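Undergrad: Take this structure, written in structure tokens, and hold onto it; I'll ask about it next.
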Amino acid sequence: MAIPKHAGAPSLIECDCRDRAAWDAYVRTNSVSVNYHRYAWRDVIEKSFGHPCHYLAAKDSAGAVVGILPLTHMKSALFGNFLVSLPFFNYGGLLCDNEEIGAALLAEAVKVRDELGAAHVELRHTEPWPGELPTKQAKVSMLLDLGNNSELLWKGFNAKLRNQVRKAEKSGCTARVGGLELLADYYTVFVRNMRDLGTPVYGEKFFAEVLSAFSDDSNIIAVYLEGKPVAAGLVVRFRDTVEIPWASSIRDYNTLCPNNLLYWEALQHALRIGCTRFDFGRSTPGEGTFKFKEQWGAKPIQLHWQYLLPYGASLPELNNKNPKFEMAIRLWQKLPLFLTRLLGPHIVKNIP
């Protein structure tokens, strides 16, 4: 993890920083900050899911912010009691000027963990924090350097991929870029896709909060066939990068390749707004989503999810590969859509 700027330990650690202007000013000026360090994600999480957040801020003797650690407390009977930086998203974790400041923030996070009786703190780092923190490296992010020309980007794709995009267009699929006015169409596709995957669905309110909190930096891209939404994604910009954290398509239309048109439109959108990188989101190497993203030229960037565990505790295994969740997934796939739409948000709010 790159640690820039000045030396020395912080003079103060605020356990619940409410100075969002100072927080965001620090995020803007720190060269290794990520999208999810922005303060407004606290608003999204608390308003959408009701989880309390503990936004730790380190300050120097002059009162300037020199390090931050956003934490979300999640607690449920089914999934347990823990803190994450940040849940629901790919990134988060420490952001600080030096290792002494980082160590002080981690020590404060351990205090918060113990006060809440939480089992662990999960830190979603793009680069590992130095030291001996237990770490998982099962996931990667898939990043594509866009260049600055859509024609050159298009020519760089293989013939199969270009033909799939053309097939969607020749089949009558069309793409639109918008905001909240496309939310209902986006959510129609998202609910169906998540049910088919056996995954509880986020509530529509969550996506509305994202679009509202980041109205200047977020968009919905939707693909239609005969006026019906068949693929859709939500994209968020941060600095020179557009990320697509959530994308879905309806499998009934897979042969028409609407998902390929969705991603091609997303890449063109990123170029139109002056971005030079596209983040396809996280994947497990070798699995289907990894291969889909790889065909666009995206390269894997290792993710490091690190943990603050009590002495002797083992790493948590809260994922869909855990055998105890396999039966639940199969049952979910058989539920009617209206029921998944009703029940899903109450379940998924506790899955980080």
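Undergrad: Out of the residues in segment 273-290 that are of a type in the set (Gly, Ala, Ser) and either over 14 Å from ALA247 (Cβ atoms) or touching a Pro at 6+ places or on another chain (Cβ under 6 Å) (or both), state the one that is modelled with the lowest pLDDT. Let's see the steps before the verdict.
TA: Taking segment 273-290 and keeping what is of a type in the set (Gly, Ala, Ser), we get 274, 281, 283, 286, 288.
Checking which are either over 14 Å from ALA247 (Cβ atoms) or touching a Pro at 6+ places or on another chain (Cβ under 6 Å) (or both) leaves us with 274, 281, 286.
Details: GLY274: 97, GLY281: 95, GLY286: 89.
Only one residue tops the list, namely GLY286.
Undergrad: Can you confirm whether segment 56-70 contains a residue that is at pLDDT 95 or above and out of contact with any helix residue (DSSP H, G or I) (no Cβ under 9 Å at 6 or more places or on another chain)?
TA: No: zero hits.
Undergrad: Hey, another quick one. Find all pairs meeting these conditions: Cβ atoms under 7 angstrom apart; at least six residues apart or on different chains; first residue within segment 291-317 and modelled with pLDDT of 95 or more and hydroxyl-bearing (Ser, Thr, Tyr); second residue surrounded by 18 or more Cβ atoms within 10 Å (Cβ to Cβ) and outside any loop (DSSP other than H, G, I, E, B).
TA: That search, which allows pairs on different chains as well, returns TYR307/VAL121; TYR307/GLU122.
Undergrad: Residues being more than 18 Å from ASP24 (Cβ to Cβ) and hydroxyl-bearing (Ser, Thr, Tyr): count how many of those fall in segment 73-91.
TA: Adding up the residues that qualify gives 1.
Undergrad: Something else now. Can PRO70 be described as in contact (Cβ under 8 Å) with a residue 40 or more places away in the chain and buried (at least 20 other Cβ atoms within 10 Å of the Cβ)? Explain how you work it out, then say what you get.
TA: Values: in contact (Cβ under 8 Å) with a residue 40 or more places away in the chain: no; buried (at least 20 other Cβ atoms within 10 Å of the Cβ): yes.
So PRO70 does not fit the description; no.
Undergrad: Another question, if that's okay. Taking only segment 115-132 into account, find how many residues are in a helix (DSSP H, G or I) and without any contact (Cβ under 8 Å) to a residue 40 or more places away in the chain.
TA: 1
Undergrad: Take LEU144 and decide whether it is farther than 30 Å from LEU105 by Cα, modelled with pLDDT of 95 or more and outside any helix (DSSP H, G or I).
TA: So LEU144 fits the description; yes.
Undergrad: Still on this structure, please answer the following. Does segment 308-323 include one or more residues that are part of a helix (DSSP H, G or I), outside the structural domain of VAL210 (by TED's automatic domain parsing) and either closer than 23 Å to GLU204 by Cβ or over 21 Å from the mean Cα position of the chain (by Cα) (or both)?
TA: yes
Undergrad: Give the residues of segment 9-46 that are of a type in the set (A, V, I, L, M), farther than 16 Å from ILE101 by Cα and not in a loop (DSSP other than H, G, I, E, B), sorted by residue number.
TA: ALA21, ALA22, ALA25, ALA40, VAL44, ILE45
Undergrad: When the residues of segment 218-240 are filtered to those that are under 17 Å from the mean Cα position of the chain (by Cα) and surrounded by fewer than 18 Cβ atoms within 10 Å (Cβ to Cβ), which remaining residue is farthest from SER171 (Cα to Cα)?
TA: ARG239
Undergrad: Shifting gears a bit: Would you point out which residue out of PHE79, PHE89 is touching a residue at least 24 places away in the same chain (Cβ under 8 Å) and surrounded by fewer than 17 Cβ atoms within 10 Å (Cβ to Cβ)?
TA: From the options PHE79, PHE89, the qualifying one is PHE79.
Undergrad: Oh, and also: Just checking, how many residues over segment 67-108 are under 23 Å from ALA22 (Cβ atoms), of a type outside the set (Gly, Ala, Ser) and part of a loop (DSSP other than H, G, I, E, B)?
TA: Residues in segment 67-108 being under 23 Å from ALA22 (Cβ atoms), of a type outside the set (Gly, Ala, Ser) and part of a loop (DSSP other than H, G, I, E, B): 6 in total.
Undergrad: Shifting gears a bit: For the condition under 25 Å from TYR39 (Cβ atoms) and not assigned by TED's automatic domain parsing to the domain that holds VAL34, what is the one hit in ALA232, ALA213, ALA222?
TA: One residue alone meets the criteria, ALA213.
Undergrad: Sticking with this structure for a sec: LYS111 passes all but one of (1) in a helix (DSSP H, G or I); (2) touching a residue at least 60 places away in the same chain (Cβ under 8 Å); (3) closer than 30 Å to ASN30 by Cα; (4) not hydrophobic (A, V, I, L, M, F, W, C); which number fails?
TA: (2)
The values are calculated or read from the model by the stated rules, or taken from the named source; none is laboratory data. Keep in mind that this is a model prediction, so the values were computed, not measured. As a convention, Cβ positions derive from the backbone with ideal geometry for all residues, glycine included, and neighbour counts pool all protein chains shown.
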